[in-house]
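See structure below.
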Amino acid sequence: MFVGPTVTDVDVDRWHGELDRLHARIGPRFRRSEPRLRVRQYLCGLVSGLGRKNGWTLAEQAGDASPDGMQRLLRWADWDVDAVRDDVRDYVVEHLGDPAGVLIVDDTGFLKKGTRSAGVQRQYSGTAGRTENCQVGAFLAYRSAKGHALIDRQLCLPASWTDDRDRCRAAGIPDAVQFATKVQMAREMLARALDAGVPVGWVTMDEAYGQSKSLRVWLEHRDVGYVVATRRNDDMITTTMGTCRADKLIAALPARAWCRLSAGAGAHGPREYWWARVPVRICWQPGRGHWLLARRSMTTGEIAYYVCYGPRRTRLLDLARIAGARWAIEECFQQAKNEAGLDEYQVRDWRAWYATSPCPWPLTPGCPWPDPLPQKGIQSRRRHDDRLHGTGDPKTAHRTHSAINPPTRARLGLVAMAPTTPTPSPNLPLPTTRLPLTNCRCSTRPCLQRFITIGVARRW
């Protein structure tokens with residue numbers, strides 16, 4: 001029998017209040033009231049318990065007869081997409097900001113079937129682990145001791161797209177958008193975050209980005225520490241002004257140079273590896289240092305290599321923890337796709353892709369809301385309702401304006417007991433005592449309880 005705490009109406013009200021504050025922050029970006037109300041419904045749908053969160057299901061959850069309203073919000077409505085991105089980033093930083101925060105760059109794929117979605121082609125998808133017909137987006141995540149969340153994104157356009165301007169125009173891609181490598185997009189996202197004053201101490205990236213010497217030099221000019229993966233055959237400048245491959249430098253280290261350290265907590269306990277480092281680069285800025293870091297598996301002996309730059313007194317343990325922080329963006333992808341429908345959008349054009357991506361960022365469990373609920377033993381008292389399962393009634397579409405300020409729900413009445421009749425009679429349904437649920441706030445209340453249960457406050 002369950003004896004732990006339960007998710008109460010007061011707990012769910014906190015989440016509703018936080019949704020209200022998020023909507024109030026981005027609301028001024030919408031000049032007209034209709035898209036302003038629509039985005040509130042959109043946010044509520046993303047945190048609901050819907051099995052899928054695409055244009056049809058979100059519209060049904062909002063009580064619409066078709067997804068036209070949601071599509072119009074994402075494709076044509078008059079609002080500043082980039083300004084909303086910045087608002088959401090600032091919202092995340094207000095909750096998670098820390099001077100020792102880590103910026104993480106990585107990309108993820110979105111599988112597609114057609115050929116008209118902006119940027120789609122057969123290319124490698126890390127999501128599928130093979131070459132597939134997909135879109136690829138580069139993302140920037142922020143992580144601190146308080147949590148982690150995505151804060152920026154760029155859609156990767158292959159050269160096959162940018163070389164065909166007619167195809168680009170058909171997908172709504174502006175003529176000013178030209179081909180850019182993933183490294184260039186990473187630099188643009190990092191520059192936006194740093195210029196906006198995001199508190200950050202370190203940057204970490206995988207090998208696809210970290211092997212770029214120009215990106216590493218750019219971070220050094222910004223005086224931002226980094227721990228980035230690189231190739232085993234990457235040429236390193238030694239302290240004797242020579243050059244040597246990364247794997248050969250590490251192979252020359254004595255056995256005592258390796259330390260067993262944890263890169264952070266994992267699903268099955270501490271993620272422990274053998275770690276070692278060696279100083280590189282003869283010219284260091286005052287108070288700064290450069291190292292080649294190696295991580296060796298305790299089971300297979302496989303070695304991964306990292307290039308590091310940061311304060312001279314940085315410990316080996318600190319470098320190991322920063323290298324291990326990259327898993328946070330993978331969890332962001334998983335949570336945003338599984339919990340907030342990041343990969344279930346039904347849009348093809350350029351502008352709509354950018355419009356859909358910022359909304360799920362602060363709604364995932366990695367970005368905890370204020371007053372977090374207990375992390376263990378939480379049970380949700382789910383109410384069974386047709387609207388809970390996404391069977392919205394189009395007749396309720398006219399109640400759109402009640403989404404922002406829904407009425408307080410009255411206490412449910414009791415069904416009076418009747419004496420047993422002497423003769424059988426046909427079964428008749430009892431009149432419902434449940435008040436109709438409004439199409440936004442009340443319908444998401446039981447769904448939020450499920451959402452809190454499965455993902456509350458995952459911390460570093």
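Taking amide H positions as placed 1.01 Å from N in the peptide plane, with prolines and chain starts having none, which residues 5 or more places from Gly289, or on another chain, fall under 5 Å of its amide H?
It is Gly310, Arg312, by chain and number.
Per q in 0.12, 0.13, 0.24 1/Å, what log10 I(q)/I(0) does a Debye calculation on the alpha-carbon atoms of region 240-307 return?
-0.38, -0.43, -1.09
List, in the order given, every pair from Lys113/Lys337; Lys53/Lys146; Lys53/Lys182; Lys146/Lys182; Lys112/Lys337; Lys182/Lys248 whose Cα-Cα distance in the structure shown is over 22 Å.
Lys53/Lys146; Lys53/Lys182; Lys146/Lys182; Lys182/Lys248
Which percent of Cα pairs goes in each bin when the distances of region 39-194 are cut into 5 angstrom slices starting at zero?
Bin by bin from 0 Å, the calculated values are 2, 8, 13, 16, 19, 20, 14, 7, 2, 0.
Which percent of Cα-Cα pairs in region 85-136 sits in each 10 Å bin, short to long?
Spelled out bin by bin, region 85-136 gives 23, 30, 23, 23, 1 percent.
Give the Rg (one decimal place) followed by the Dmax (whole number) of region 207-325, computed from C-alpha coordinates and expressed in Å.
Gyration radius and largest Cα-Cα distance of region 207-325: 13.8, 43 Å.
Kindly put Thr314, Thr108 in sequence by how many other C-beta atoms sit within 10 Å of each C-beta, fewest to most.
Least to most surrounded, the residues fall as Thr314, Thr108.
With viscosity set to 1.567 mPa s at 4 °C, what whole-number translational diffusion coefficient in µm²/s follows for region 223-263 from Stokes-Einstein and a Kirkwood radius over Cα pairs?
Approximately 105 µm²/s, per Stokes-Einstein.
³J(HN,Hα) across region 132-143 via Karplus (A = 6.51, B = -1.76, C = 1.60, θ = phi - 60°), whole Hz, x for Gly/Pro?
Computed from phi, the couplings for region 132-143 are 9, 6, 7, 9, 10, x, 8, 10, 10, 10, 10, 10 Hz.
What is the fewest-to-most order of Phe179, Phe30 by other Cβ atoms lying within 10 Å of their Cβ?
Phe179, Phe30
Read phi for every residue in region 182-199 and hand back ³J(HN,Hα) as whole Hz from Karplus 6.51 cos²θ - 1.76 cosθ + 1.60, θ = phi - 60°, with x for Gly and Pro.
Per residue, the Karplus-derived 3J(HN,Hα) values read 4, 5, 5, 5, 4, 5, 4, 5, 5, 5, 4, 5, 5, 5, 7, x, 5, x Hz.
Compute the Cα gyration tensor for region 124-175, then decide on rounded, prolate or oblate, letting a ≥ b ≥ c be the square roots of its eigenvalues: rounded whenever a/c is under 1.5, prolate when a/b is larger than b/c in the other cases, and oblate in all that remain.
oblate
How large is ³J(HN,Hα), in whole Hz, for each residue of region 119-125 in order, when computed from phi with the Karplus curve 6.51 cos²θ - 1.76 cosθ + 1.60 and θ = phi - 60°, using x for Gly and Pro?
x, 7, 5, 6, 8, 5, 10
FYI, it's all coordinate maths here, none of it is from the lab. Here the structure is a predicted model, which means the values were calculated and not measured. For neighbour counting, all protein chains shown are included, and Cβ atoms are generated from backbone atoms with ideal geometry for every residue, glycine included.
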